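No lab work stands behind these numbers, since they all come straight from the coordinates. Owing to the predicted nature of the structure, the values given are computational and were not obtained by experimental measurement. We place every Cβ from the backbone using ideal geometry, glycine too, and count neighbours over all the protein chains shown.
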Amino acid sequence: MNTVIRNGILLSTTGATPADVLVAGEKVAAVAAPESGLADTWAAGADRVIDAAGKYVLPGGIDVHTHMEMPFGGTHSADTFETGTTAAAWGGTTTIVDFAVQPKGTSLLSALEAWHGKAAGKAAVDYGFHMIISDVNDATLKEMDACVGAGVNSFKMFMAYPGVFYATDGEILRAMQKAKDIGATIMMHAENGIAIDQLVVQALAEGRTDPVHHGTTRPPELEAEATHRAITLAKVTGAPLYIVHLSASQALSAVAAARDTGQNVFAETCPQYLFLSLDDLGRPDFEGAKYVASPPLRPVEHQDELWRGLRTNDLSVVSTDHCPFCFKDQKQLGKGDFSKIPNGIPGVEHRMDLLHQGVVRGEISLGRWVEIASTTPARMFGLYPRKGVIAPGSDADIVVYDPRARQTLSVRTHHMAVDYSAYEGMSITGRVETVLSRGRIIITCGEFHGRAGHGGFLARDLCQYLT
Ligand code: URP
Ligand code: ZN
Ligand code: ZN
């Protein structure tokens, strides 16, 4: 099947340029300037011609932080690989990297197998895995080699959640030493969980049980302290470090300082930290529970700093940390005790649109939009140039985006399997019009044409930024 996308404005990290694109089978076959006239020849032999006049043509979004069917707080995140990747496709995301979770006392490889079982035959777009290490021991450390061999070379560890995923500094040090040896990346949930747990106990004892206290008991300083500690451990061991879901300006300062010294330290933030705030956690009638995630939403002043970090590249990636729990049946588990609210916010469908608001508001350029949402995630996690760029030989994961369309985000129109929208009523400029995943049209004209099982597993190379 050959497809020509013509008259569009091609976006890449270097900006916008008029260009026509030829897709042959699953791959991009050629990109040509309109004045070359090549598109006429291509169109004559094509099965399909998409007129993208006035539209952006950009590489499919890559969301490197999702949690489909993740066990958490006595329940599971609400999206399956099928519903979650379908929602991703609706929002212009054509690749996800999800986290396989090692339950304590089990092996990494059995966790990886379990995640393959959840995703295979279900995913509508391509997917890879990171591994969550919750049990550091000799056997686990040895298994990291096999994970790398199986295309999973990034390992998330937690300085938060004592008793669940928490790792001590000594365990982190050991895993980092191993990561350094094998070229793997350690991804860090950087919050001081030991101190936070004391603040939580005190808050509950004082009757401060509402969702907003999820935020007040996890102050930004304890994210900054953990971020600094993770950076120090990475420095001592020489391991590459990627800070996940960075939310606080103080933590960003720690990342920026490390990067200024040339250390291999990278960080992502998420749309919820750019567009939502502690005020949302404080919504009355338990509505704040919809906004409980860790790290928590911060006071609104942090947002300007995060946008600045995106411009300076101290924040290199925006991913969603998509971890949906239904308000009605799941978030209610924490009624009367905020610490029992399952942590997570849905968002896999809205990342590309929300970041486009950054372009509309003048926070980031068009090139930077593509960079933080697609190209850098591909490079950071060993998928480039197969993904993250529209160039001959790349997978034809392509989004045709109407930058002038208007839409209102709502639970009534989204496709995630969750009963609320964190962005309910938000008015957006821009909309995904057509999405190709490996050359196949999966979204067009407001209809889904994909299928469960179209998405395949991506064995990833090592991080492509390491010095
Ligand atoms: O609240 C969050 N972030 N839930 C998902 C698990 C994690 O820590 O990423
Ligand atoms: Zn986390
Ligand atoms: Zn997460």
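Quick notes on this structure:
- Nearest-ten-degree value, helix 169-182 long axis tilted from longest Cα axis of the chain: 30
- Sum of side-chain charges, Thr95 neighbourhood, beta-carbon under 9 Å (Lys, Arg +1; Asp, Glu -1): -3
- Taking every DSSP bridge with both residues inside the stretch 61-380, close to 5 percent are antiparallel.
- In percent, rounded to a whole number, the relative contact order of the chain is 22, using alpha-carbon pairs under 8 Å and six or more apart.
- Cβ crowding within 10 Å averaged over residues, with 273-279, 79-85 ranked highest first: 79-85, 273-279
- Peptides ranked, highest mean first, by Cβ atoms within 10 Å: ranges 64-71, 395-402: 395-402, 64-71
- Here Lys156 is the anchor, and the lysines within straight C-alpha reach of less than 28 Å, apart from those fewer than 8 places off in the same chain, are Lys104, Lys118, Lys122, Lys142, Lys178, Lys180, Lys235, Lys290, Lys331, Lys340, Lys387.
- Helix 249-260 vs. the chain, principal-axis angle (Cα, 0 to 90°, nearest 10): 70
- Each residue of the stretch 320-334 was assigned a 3J(HN,Hα) from its phi angle through the Karplus expression (A = 6.51, B = -1.76, C = 1.60, θ = phi - 60°), giving 9, 6, 4, 8, x, 10, 5, 5, 5, 9, 10, 4, 5, 4, x Hz with x at Gly and Pro.
- Farthest toward positive dipole pole in the chain [+1 Lys/Arg, -1 Asp/Glu at C-beta], among Gln177, Tyr465, Gly84: Tyr465
- Summarising the amide proton neighbourhood of Ala396: residues at separation of 5 or more, or on other chains, whose placed amide H is nearer than 5 Å comprise Lys27, Val28, Arg438, Gly439.
- The chain: proportion of alpha-carbon pairs further apart than 36 angstrom, %: 24
- In order along the stretch 110-126, the phi-based Karplus estimate (6.51 cos²θ - 1.76 cosθ + 1.60, θ = phi - 60°) of 3J(HN,Hα) comes to 6, 5, 5, 4, 4, 6, 4, x, 6, 8, 4, x, 10, 5, 8, 10, 5 Hz; Gly and Pro are listed as x.
- Backbone HN-Hα couplings from phi across the stretch 277-294 [Karplus 6.51/-1.76/1.60, Hz, Gly and Pro as x]: 8, 3, 4, 5, 5, x, 4, x, 6, 6, 4, x, 4, 4, 10, 7, 8, 10
- Principal-axis analysis of the Cα atoms of the chain puts helix 302-312 at an angle of about 50° to the longest axis.
- By the Cα gyration tensor, the stretch 1-113 has an equivalent ellipsoid whose semi-axes, rounded to whole angstrom, run 40, 14, 13 from largest to smallest.
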